[in-house]
Amino acid sequence: MVFDPLVDGLGGGGVYAVFGLDGGGEGFAFDLRVPERPVIAVPFIGMDLADATPVAETFDGFLEYLGELN
């Protein structure tokens, strides 16, 4: 069996796709529930969308967010 993050979403039931980590217990993911695919932060403990927080409306916005962290 092959794990597909776009389908399995690391426990998200196919509603998000994790593409990166913050190094502190959260994963960055695309929210697949909406066509715009905003970026959210999902905690690895629980992996529940109820605990997810919005990060950026677009991937470009996510890159800007990362640039502001430094």
* Please work out how much accessible surface Asp48 shows to a 1.4 Å probe, ignoring ligands, DNA and RNA, in Å² rounded to 10. => 70 Å²
* How much length is gained if the chain between Phe59 and Val34 is pulled fully straight, taking 0.36 nm per residue apart and subtracting their Cα-Cα distance, in nm to one decimal? -> 7.6 nm
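Roughly to the nearest percent, how much of the accessible area of the stretch 19-70 is carbon and sulfur, given a 1.4 Å probe? The partial results should precede the final answer.
Working: 1870 of 3400 Å².
Accessible surface attributable to carbon and sulfur in the stretch 19-70 totals 55 percent.
The values are calculated or read from the model by the stated rules, or taken from the named source; none is laboratory data. None of these values were measured; they are calculated from a predicted model. Please note that ligands, DNA and RNA were not included when accessible areas were found on the heavy atoms of the full protein model with its side chains. Shrake-Rupley method; radii C 1.70, N 1.55, O 1.52, S 1.80 Å.
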